[in-house]
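The values are calculated or read from the model by the stated rules, or taken from the named source; none is laboratory data. All values reported here derive from a predicted model rather than from experimental measurement. Reconstructed Cβ throughout: ideal geometry from the backbone, glycine too, with neighbour counts over all protein chains shown.
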Amino acid sequence: MSTTTDKRRSEAVESRLFRYGSVVSAIVSLGVLLYLRELSMAFSRTPRIFPSVVIHIGIVAAAGLVIKEVSTRLLKPDLLASTDDEVMKHLTGAASSFTLPERIKRLAMMGLWTAVFFALGSFNILLAVIPCYIGAAYSLGVRDRKTLLLSTVTLFAFVYVVFGILIRIPLRLF
Amino acid sequence: MATANILLDALAQVLTPEVMLMVFVGVVFGFIIGVIPGLGPVIGIVLLFPLTIAMDPLPAVVLLASVYPAGVYGGSVTAVLINTPGDPSSTVTTFDGYPMTKRGDGVLALGVTLASSIIGGVLSVLALLLIAPPFARIALQIGPSIVFAIGLAGVVILVIVSRGSMLKGLVASAFGLLLSVVGYSSFRGVERFTFGVDYLEQGIPMIPLIVGLFAISEAMMLLYQGGSIEEDKEGSERSPETSPDKNILRRRLQDMNRGILETLRRPASVLRSSSIGIAIGLVPGAGSIVANFVSYYVGRTFSKRGDEFGTGAIEGLIAAESSNNAATAATLIPTLVLGVPGGIAAAILLGVLQLKNIRVGPQLFVETPELAYGVVLALLFANIVMLFVGYSLSSLIKNIVEIRVEIIAPMIVILAILGGFANNFSGIDSIAVIIFGILGFAMRKLGYSPISVVFGFILGPILETYYLRAVQAAGGDQLAVIFAPIPATIIGVAGLVLVYQLISEVKDIRRRVNIGN
C-alpha cells in the first residue's frame, strides 16, 4: 500500500519537475540565444553571417516555445498536443518500477563509481575498469557472483583488446 | 568501362582481409548491440567510433556502416521476442512480430525478419550503386545555394519526423548548429563562442560530444527507468524458444528456414516495402523510422489480408522489416552524394569522413571513387554476412536479451569514458563525455532531441561553407541566396511541410478541447 502511495507521490513530483523544467528550459534557451546574439555582434562580417542566421531562426523558435510551454504547462494543460503527451509519458519514465528517490539513488551510485573510475584511472585506466565495474554493478543490485565475474571478464577483455592493444591508449587518464 | 574498372578496383580493396574483417566485426557487434535491451545501432556506431581514429578511411567507414543494418536487425529481434524494439526503427515490427511469438512462432518470425531485412538491405545497396553515381554527376552541376537549401530542408525534415515538440526540435537543431561554430573560424581565423576557454579553441570535439550525448545519456536513462526487458513474462513463457528442450536448436533452425521460405513466397510485399524504404531513405533526415511506419501503413492498405495486420501477419512483419533495412543504405545516398546526412547513423559516418579529411559531396565519386564504391560494396557484403551471423547466433539470442540493465549501464559508461579518452589521449575529453552525457540526459527528460543536436553539429560546417560560398557567388547578397528560384522552392516546400505539421498540431489541440467540452 505504502509502495503504491510512494510511487504515486514520485510520479506527481516528477510530473511537476517536468512541467516547470519544460518552462524553465524554454526560457533558458531563449535567454542563451539572445546572449549569443549579442556575442556574435562582435565578430567581423563573414564569420558572423552563419551563426547570425542560426541564432535568429533559433530565437523565433525559442520565443514560440516559451509561449507554448507557458500556456500549455502552466495555464491550460488540456491544450497539450498528443505528441507532447506521448513524449512526456516516455521521458518521465512512467513505466519504471522504481520510486523517484530510488531512481536518483541509482544515478548517484553510477556517478560515484564514475568518479572513482576517474580517480583510479589517473594511475592505470585499464586496471581501473575491474574494481569500478564490479563496484558499480554490485551497488546497482547485481549480486550473482557468476554474472559479475563473467561480465567483468568480458568487459575487461574487450577493453584490453580494443583500447590496450589496438588503440594503445596511455595508461594514465591525466 | 571506366566505371567498371573503378568498381573492380573498389571490389579489390573491399576483398582485402582488413576490410572483410571490419565487415564481420561490424556485423557481429551491431547484431549483439542491437539485441541488447535499450541499445541500438546508433549506440553501437558511437561506441566503435573512437576505434576508427587510427584506421584508414575505407575500413573505418566500413566498420561503422556494417554495424547499422546488423543493429537494426538486432533491434527487430527483441521487438519480435519480447515486444521491446531495440531501436525506434523496429517499433512497427512489434505489431506482428510479438503476436507471432505469443502464439509460439517466435523463431519463424525471426526467419521472416532476417530474410526481409537482408532482401531490403541488398535491394537498397543495389539502388545506391545505380542511383548514386549518376546522381553525383547531376549534383556536381548543383550550385552551393541549392546544396545549402537541401541541407536546411534536411534539418526541417528531421525536426518534423522526430518525436515530440517541433519547436523543441528546432531549438535543439539550432543548438547543434551553434555548437559546430565554436572555436576558430576557418573564415578569417576569428575565435567564436570560446568564452576564453582554451579547450574550445579548436572547436568542440566530435567524439566526446556524440559519445556523451548518446551513450552516457542512454546509460543514465536505462538506470533511471530501471527494470529489465524480460519483465514481460507472458510472451516469453509461452514461446517455445524460451522453454528447455534438448532438440530446441534443431527446431529453431527449422523454424528459421520456414520463416525465410515464407518471406520468399511473398515477393510483391518484399519489393513494395523495400521500394518504400529506399524512396524514404533518400529524403535527408527521414530515415528508417519513417520508412517503417509508412511501409506498414501502405502494406495494410494494399494487402488482401490487411485486416490481419497487427495480429501476427507475416506480410505485416515483412512490410516493417524490408522497409527499415532498405532505408539504412538509402540514407547513404544523400550522405555520400550531397554531403547531407540521411539519418543520424549516416551523420556519424559523415563525421568520420570529415575527420579523415575526405571531401564528401558530389566530388566524392570523382576524387575518391574507390572509397565511395568501396563503401557501397562493403555494405552489400555486410548484408550477406548478416545472413550467416543472424542465422547462427539465433541460438544465443535468449541469453543476450536477458541481460539486466544494471550489467549493461556501467559497461556503457566505462566504454564511453575510454572512447572519449581515445579521441586525443586527453582526460579532459573524458570529462567532456560526462558533461555532454548529463546534458543529453537532461535534454531527453525535457523532450529535446539529442539527435537534432548531433545532426545540427555535423551539418553545421557543411551548411556554413555552402552558405558562404553562395553568398560570395551572389555578390554578398544574402537574400539572393535564399530567394533564387530553386533554393526558394526547396526551402518553401520544407517550410510548407513544417506549417502543415504545425496546423495538424493545432487541429489536434482543437479536437481535444472539443472532446473536453
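Identify all residues within segment B:422-444 that are free of Cβ contacts under 8 Å to residues at least 12 places away in the same chain and facing chain A (nearest Cβ under 7 Å); write none if there are none.
Matches in segment B:422-444: B:PHE425, B:GLY427.
Name the single residue that is modelled with the highest pLDDT among those in segment A:42-75 being of a type outside the set (A, V, I, L, M) and within 18 Å of B:GLY447 (Cβ to Cβ).
A:GLY58
Checking the structure you have, find out if any residue of segment B:102-116 is modelled with pLDDT of 85 or more, of a type in the set (S, T, N, Q), outside any loop (DSSP other than H, G, I, E, B) and in contact with a helix residue (DSSP H, G or I) (Cβ under 7 Å, 6 or more places away or on another chain).
The answer is yes, given that some residue of segment B:102-116 is modelled with pLDDT of 85 or more, of a type in the set (S, T, N, Q), outside any loop (DSSP other than H, G, I, E, B) and in contact with a helix residue (DSSP H, G or I) (Cβ under 7 Å, 6 or more places away or on another chain).
Before we move on, is B:ARG137 touching a residue at least 40 places away in the same chain (Cβ under 8 Å), out of contact with any helix residue (DSSP H, G or I) (no Cβ under 7 Å at 6 or more places or on another chain) and farther than 24 Å from B:PRO362 by Cβ?
Against the criterion (touching a residue at least 40 places away in the same chain (Cβ under 8 Å), out of contact with any helix residue (DSSP H, G or I) (no Cβ under 7 Å at 6 or more places or on another chain) and farther than 24 Å from B:PRO362 by Cβ), B:ARG137 does not qualify.
Tell me yes or no: at least one residue of segment B:467-484 is of a type in the set (A, V, I, L, M, F, W, C), in contact with a Ser or Thr (Cβ under 6 Å, 6 or more places away or on another chain) and at the interface with chain A (Cβ under 7 Å from one of its Cβ atoms).
No, that holds for no residue.
When you scan segment B:408-417, how many residues do you find that are touching a residue at least 40 places away in the same chain (Cβ under 8 Å) and under 23 Å from the mean Cα position of the chain (by Cα)?
6
Can A:SER15 be described as within 16 Å of B:MET443 (Cα to Cα), more than 10 Å from chain B (Cβ to nearest Cβ) and either touching a residue at least 24 places away in the same chain (Cβ under 8 Å) or assigned to a helix (DSSP H, G or I) (or both)?
yes
Working only within segment B:327-366, note down all residues that are more than 17 Å from B:VAL125 (Cβ to Cβ) and outside any loop (DSSP other than H, G, I, E, B).
Correct list: B:LEU338, B:ILE344, B:ALA347, B:ILE348, B:LEU350, B:GLY351, B:VAL352, B:LEU353, B:GLN354, B:LEU355, B:VAL366.
Report those helices (runs of 4 or more DSSP H) wholly inside segment B:449-517 carrying at least 1 residues which are of a type in the set (Val, Ile, Thr), modelled with pLDDT of 85 or more and within 22 Å of B:VAL360 (Cβ to Cβ).
Where helices (runs of 4 or more DSSP H) fall fully within segment B:449-517 and carry at least 1 residues being of a type in the set (Val, Ile, Thr), modelled with pLDDT of 85 or more and within 22 Å of B:VAL360 (Cβ to Cβ), they are B:450-473, B:485-516.
Please find, among B:LEU415, B:LEU379, B:LEU396, the residue that is modelled with pLDDT under 85 and in a helix (DSSP H, G or I).
Residue meeting the stated conditions: B:LEU396.
Can you tell me how many residues in segment A:105-118 are surrounded by 14 or more Cβ atoms within 10 Å (Cβ to Cβ), farther than 24 Å from A:PHE158 by Cβ and either modelled with pLDDT under 90 or more than 7 Å from every other protein chain (Cβ to nearest Cβ) (or both)?
Residues that pass the stated criteria total 1.
When you scan segment B:465-489, how many residues do you find that are crowded, with 18+ Cβ neighbours inside 10 Å and under 18 Å from B:GLY339 (Cα atoms)?
Residues in segment B:465-489 being crowded, with 18+ Cβ neighbours inside 10 Å and under 18 Å from B:GLY339 (Cα atoms): 6 in total.
Scanning segment A:1-12 for residues that are surrounded by fewer than 16 Cβ atoms within 10 Å (Cβ to Cβ) and charged (D, E, K, R), which turns out nearest to the other protein chains (Cβ to nearest Cβ)?
A:ASP6
What number of residues within segment A:18-65 are of a type in the set (Gly, Ala, Ser), surrounded by 16 or more Cβ atoms within 10 Å (Cβ to Cβ) and within 7 Å of another protein chain (Cβ to nearest Cβ)?
8
Can you tell me how many residues in segment A:119-172 are under 12 Å from B:LEU418 (Cα atoms), of a type outside the set (A, V, I, L, M), surrounded by 15 or more Cβ atoms within 10 Å (Cβ to Cβ) and at the interface with another protein chain (Cβ under 7 Å from one of its Cβ atoms)?
Qualifying residue count for the region: 1.
Return yes or no: is B:GLY97 more than 30 Å from B:PRO485 (Cβ to Cβ) and out of contact with any Cys (no Cβ under 7 Å at 6 or more places or on another chain)?
yes
Condition check ((1) of a type outside the set (Lys, Arg); (2) within 11 Å of another protein chain (Cβ to nearest Cβ); (3) under 29 Å from B:THR465 (Cα atoms); (4) touching a strand residue (DSSP E or B) at 6+ places or on another chain (Cβ under 7 Å)) across all residues:
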{"site": "B:THR91", "(1), (2), (3), (4)": "yes, no, no, no"}
{"site": "B:PRO99", "(1), (2), (3), (4)": "yes, no, no, no"}
{"site": "B:ALA115", "(1), (2), (3), (4)": "yes, no, no, no"}
{"site": "B:VAL122", "(1), (2), (3), (4)": "yes, no, no, no"}
{"site": "B:PRO133", "(1), (2), (3), (4)": "yes, no, yes, no"}
{"site": "B:ILE150", "(1), (2), (3), (4)": "yes, no, yes, no"}
{"site": "B:LEU158", "(1), (2), (3), (4)": "yes, no, yes, no"}
{"site": "B:ALA172", "(1), (2), (3), (4)": "yes, yes, yes, no"}
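Residues in segment B:173-219 that are assigned to a loop (DSSP other than H, G, I, E, B) and in contact with a Pro (Cβ under 7 Å, 6 or more places away or on another chain): how many?
Selection size over segment B:173-219: 5.
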